[in-house]
Structure formats: C-alpha cells, structure tokens
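S.K.: Before I ask anything, let me first share the structure, which is written out below as structure tokens.
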Amino acid sequence: MANLKDTLLNLQYQYSRLFNLGLKRKKFECVTTKDKLFAMNTSKNTFLSLLFTLFACGLLFTGLIEVFIKKTEITSAFVIVIFVIHFIVGLAALRQFLWLINGRQELTIENGTLTLTKKGTFLTRPKTYSLDLVSNVRQSVDEDNIPLFDKIVVNIRLTRKVLFSHIIGQVQFDYEGETIKVFNDLDSAERKQLLTELTKWT
C-alpha cells in the first residue's frame with residue numbers, strides 16, 4: 001500500500017510539473033567586490049501564463065474593434081466597460097506578458113543600502129532598503145528537503161504566482177516588519193550562493 005501511495009504521489013508530482021513548463025530564459029549572476037554586491041535573476045514563465053496574458057492583451061483593442069468594425073453604439077456603460085475596465089485589464093496583462101518574456105530583477109548592495117530593481121516591463125520603480133534594518137535572510141522553502149506532497153503544493157502555487165506576480169521569492173528577508181521576496185528560478189547552488197553573500201552583507 002505504501003508503494004502504491006508513493007507511486008501515485010510521484011505521478012501527481014510529475015503532472016504538477018507539466019504546468020510549470022515554459023520558455024527557457026533563465027540567467028543568474030552574483031558578483032561581489034570589496035564595496036559592492038550585484039546579483040541578477042531573470043523572470044520565470046510558463047506556457048499557460050504566456051498564453052493567458054497574451055490573450056488578455058487583446059482587451060486593449062476591443063474598443064476599436066467594437067466601434068470601427070462592429071459599429072457598436074457608444075453609451076456610457078460601453079465606455080466604462082470597454083474603454084476603462086478592458087483597457088486597464090489589458091494594460092496589466094501587457095505589463096505581465098512583457099515581464100514573463102523579458103523581465104529581470106537586479107539586487108545591488110552599496111553604501112549601506114540594498115536596492116531592488118525590476119527591468120523589462122513598465123510601471124516599475126527601484127525599491128531601497130537600509131542594510132541596518134535588513135534581517136533574517138533565508139530561503140522561503142527548502143525545496144530540496146521537503147516531502148513529495150509539499151513539492152506538489154509548491155508547484156501548484158508556482159503556477160498561480162507566475163501568472164499574477166513578478167517575483168516568486170525563493171529568497172526572503174525581513175524589513176521593518178515586512179517580508180521582502182527576491183528572485184525566481186534558482187537552483188540549489190544558486191540559492192546557497194546568494195544566501196551566503198547576502199548574509200555577509202547584512
């Protein structure tokens with residue numbers, strides 16, 4: 001019975017991994033000098049998230065289609081739904097789609113400040129943190145040493161995170177009562193390297 005349970009869990013785990021397949025664009029850098037640490041990590045994507053956000057980008061053009069092709073009558077409700085709600089949702093989808101195919105997060109420590117910057121999409125701004133207030137640098141989940149069932153749960157959550165947020169947050173730290181998450185698709189060695197370097201500076 002135990003063997004059957006393990007077999008079924010393993011099948012479920014492999015199935016959950018299918019939903020996280022995507023374009024391979026992973027890149028990680030971690031460079032340190034005497035007075036500076038620089039680390040960079042590309043965004044994570046899945047085929048499902050790419051298709052969903054690309055499809056949702058079409059909402060940007062529904063107004064033009066309705067007015068100029070379908071000759072729909074323009075009413076106040078039409079304007080609110082098509083030119084406001086659809087436009088906002090379409091813009092958010094475009095922002096996420098650009099992040100999925102081109103995004104990267106950069107972490108810089110210099111002059112007593114930790115700076116996080118997102119590049120590759122729009123409506124982002126750098127966030128800065130005083131090193132004196134950064135604490136408890138850690139892995140969010142030790143993915144290499146958790147039960148198989150928990151790995152399945154991690155994969156399911158990953159699907160949702162990739163679709164609706166930019167940063168998965170495999171590495172975290174505390175800052176003034178808030179949990180700050182960084183980086184997306186690191187393997188065990190990369191997580192260990194980043195944690196080691198961050199711990200030295202904080």
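The values are calculated or read from the model by the stated rules, or taken from the named source; none is laboratory data. Keep in mind that what you see is a predicted model, and the values were worked out from it rather than measured. Note: ideal-geometry Cβ built from the backbone for every residue, glycine included; neighbour counts use all protein chains shown.
S.K.: If a residue must be β-branched (V, I, T) and more than 18 Å from L195 (Cα to Cα), how many such residues does region 118-137 contain?
M.R.: 3
Here is a yes/no grid of residues against (1) without any contact (Cβ under 8 Å) to a residue 12 or more places away in the chain; (2) of a type in the set (D, E):
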position: S16; (1), (2): no, no
position: G22; (1), (2): no, no
position: K27; (1), (2): no, no
position: N41; (1), (2): no, no
position: T72; (1), (2): yes, no
position: L98; (1), (2): no, no
position: E106; (1), (2): no, yes
position: I109; (1), (2): no, no
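S.K.: With (1) farther than 21 Å from S165 by Cα; (2) modelled with pLDDT under 95 as the list, and S130 as the residue in question, which single condition is left unmet?
M.R.: S130 satisfies all of (1) farther than 21 Å from S165 by Cα; (2) modelled with pLDDT under 95 except (2).
S.K.: Can you tell me which condition E73 does not meet? The list is (1) surrounded by 12 or more Cβ atoms within 10 Å (Cβ to Cβ); (2) more than 30 Å from E110 (Cα to Cα); (3) of a type in the set (D, E, K, R), and all the others hold.
M.R.: (1)
S.K.: Which of the residues spanning region 162-202 are under 18 Å from the mean Cα position of the chain (by Cα), in a helix (DSSP H, G or I), among the hydrophobic types (A, V, I, L, M, F, W, C) and under 26 Å from D35 (Cα atoms)?
M.R.: L194 - this is the single residue of region 162-202 that is under 18 Å from the mean Cα position of the chain (by Cα), in a helix (DSSP H, G or I), among the hydrophobic types (A, V, I, L, M, F, W, C) and under 26 Å from D35 (Cα atoms).
S.K.: Out of region 78-98, which residues are within 15 Å of the chain's Cα centre (by Cα) and not aromatic (F, W, Y)?
M.R.: A92, A93, L94, R95, Q96, L98
S.K.: With respect to the numbered conditions (1) outside the structural domain of G169 (by TED's automatic domain parsing); (2) surrounded by fewer than 16 Cβ atoms within 10 Å (Cβ to Cβ); (3) hydroxyl-bearing (S, T, Y), which one is the sole condition not fulfilled by S49?
M.R.: With respect to (1) outside the structural domain of G169 (by TED's automatic domain parsing); (2) surrounded by fewer than 16 Cβ atoms within 10 Å (Cβ to Cβ); (3) hydroxyl-bearing (S, T, Y), S49 is out only on (2).
S.K.: With the structure loaded, tell me whether T62 is polar (S, T, N, Q), in a helix (DSSP H, G or I) and under 22 Å from the mean Cα position of the chain (by Cα) or whether it fails that test.
M.R.: No.
S.K.: Suppose we filter T159, T199 for residues that are over 12 Å from Q105 (Cβ atoms), among the β-branched types (V, I, T) and modelled with pLDDT of 90 or more; which single one remains?
M.R.: None of the others qualify; the one that does is T199.
S.K.: Do we find that T108 is in a strand (DSSP E or B) and surrounded by fewer than 16 Cβ atoms within 10 Å (Cβ to Cβ) in this structure?
M.R.: The answer is no for T108.
S.K.: Read through the list (1) surrounded by fewer than 18 Cβ atoms within 10 Å (Cβ to Cβ); (2) over 28 Å from G90 (Cβ atoms); (3) modelled with pLDDT of 95 or more, then give the number of the only condition that L54 fails.
M.R.: So the condition that L54 fails would be (2).
S.K.: Within the group K24, K34, which residue is over 30 Å from K151 (Cα atoms), of a type in the set (K, R) and not in a helix (DSSP H, G or I)? Can you show your working first?
M.R.: Numbers: K24 fails: over 30 Å from K151 (Cα atoms).
Among K24, K34, only K34 is over 30 Å from K151 (Cα atoms), of a type in the set (K, R) and not in a helix (DSSP H, G or I).
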